[in-house]
Amino acid sequence: MKSEIRKIAVSVEETHLEAGRKISPATRKAVAIAVIKNPFAGGYTEDLTLLTEIGAELGGLLGDKCVQALGITPDQAESYGKAAMVGEGGELEHAAAILHPQLGAPLRKAVEKGAALVPSSKKMGGPGQALDVPLGHKDAAYVRSHFDGIEARLNDSPRAGEIMVAVAVTDSGRPLPRVGGLSHDEAEGKDGLR
C-alpha cells in the first residue's frame, strides 16, 4: 500500500426506535475510518498524485470494511458517503486529492454499482473533532429517504501530519422517512439521478 496507516476503526449504528415507533428491521449505518500519514504536511506540493492513489486504496478498503461490518452483500448496500479531515500542517486540498479523483470507483465496486455521485465533505481539524460524513442513495440521487449522515470521531485523530479518512455505507434509508420523492424500490439507477 502507498498509504501509511496508523489506525483503522469501524463502527455500526443501528436505530431500533424512532419517535416512539419500533423500526423493524432496524436502519443500519457503518462507518470505517483510516488515519494515515500525510506525506505532504508542512509545505506546499504541486503534484498531489500520491494522495489520489492513496484515495483509490482507501475507497476499496474502507468500503469493503463497511459492507462486512453490516453483514450484507455488496448489492444490498443502499447509500454511501465519504469525508476527510486534515490535521495540522496539511491543506484542505490534501483531503480533496484523497476524496475526489480516484476514491469513488473502488468504493462503488465495494457496494456494487453506485451510479450516483458519492456525497463528500472535507475539513481541517484535530484530535477528537467530529467529522460529518454525508450520505446519499448509491444509485439515484433523488431518493430523499437516503439523504442522511453519520458522525466519525476518534479521540486521538487526526494528529499533526495526519489525515483521517472516513467512508460510510448503509443498508437502508432514514427511519420513518416521509418527505416524499422517489423511493428506493422505484429507483432505476441508470443516470445516477433516478
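List of remarks:
- In the range 153-171, the residues that are surrounded by fewer than 23 Cβ atoms within 10 Å (Cβ to Cβ) and touching a strand residue (DSSP E or B) at 6+ places or on another chain (Cβ under 9 Å): ARG153, LEU154, ASP156, ARG159, GLY161, ASP171
- Every residue from the range 108-130 that is in contact with a Lys or Arg (Cβ under 7 Å, 6 or more places away or on another chain), closer than 27 Å to ASP156 by Cβ and not in a loop (DSSP other than H, G, I, E, B): SER120
- Scan of the range 9-25 for residues that are of a type outside the set (A, V, I, L, M) and touching a residue at least 40 places away in the same chain (Cβ under 8 Å), ordered by number: SER11, GLU13, THR15, GLU18, ARG21, PRO25
- Residues in the range 1-40 that are among the small types (Gly, Ala, Ser) and either out of contact with any Asp or Glu (no Cβ under 8 Å at 6 or more places or on another chain) or under 21 Å from GLY104 (Cβ atoms) (or both): SER3, ALA9, SER11, ALA19, GLY20, SER24, ALA30, ALA32, ALA34.
- Each residue in the range 140-159 was checked for being closer than 14 Å to SER172 by Cβ and assigned to a loop (DSSP other than H, G, I, E, B), and 2 of them qualify.
- Residue match in the range 166-179 (condition: more than 22 Å from ALA26 (Cβ to Cβ) and out of contact with any Phe, Trp or Tyr (no Cβ under 6 Å at 6 or more places or on another chain)): no
- Residue satisfying all of: in the range 87-120; of a type in the set (Asp, Glu) and within 21 Å of ILE36 (Cα to Cα); nearest to the chain's Cα centre (by Cα) among these: GLU93
- Filter result for GLU13 (outside any loop (DSSP other than H, G, I, E, B), of a type outside the set (A, V, I, L, M) and surrounded by fewer than 19 Cβ atoms within 10 Å (Cβ to Cβ)): yes
- The residues in the range 99-133 that are surrounded by fewer than 16 Cβ atoms within 10 Å (Cβ to Cβ), of a type in the set (A, V, I, L, M, F, W, C) and in contact with a strand residue (DSSP E or B) (Cβ under 6 Å, 6 or more places away or on another chain) can be counted, and the count is 2.
- Condition met for ASP148 (surrounded by fewer than 24 Cβ atoms within 10 Å (Cβ to Cβ) and either in contact with a Gly (Cβ under 6 Å, 6 or more places away or on another chain) or modelled with pLDDT of 95 or more (or both)): yes
- Test: ARG194 is within 15 Å of LYS29 (Cα to Cα), assigned to a loop (DSSP other than H, G, I, E, B) and touching a strand residue (DSSP E or B) at 6+ places or on another chain (Cβ under 6 Å): no
The values are calculated or read from the model by the stated rules, or taken from the named source; none is laboratory data. Small disclaimer: the values here were computed from a predicted structure and weren't measured. Neighbour counts are summed over all protein chains in view; Cβ atoms, including those assigned to glycine, are modelled from backbone coordinates with ideal geometry.
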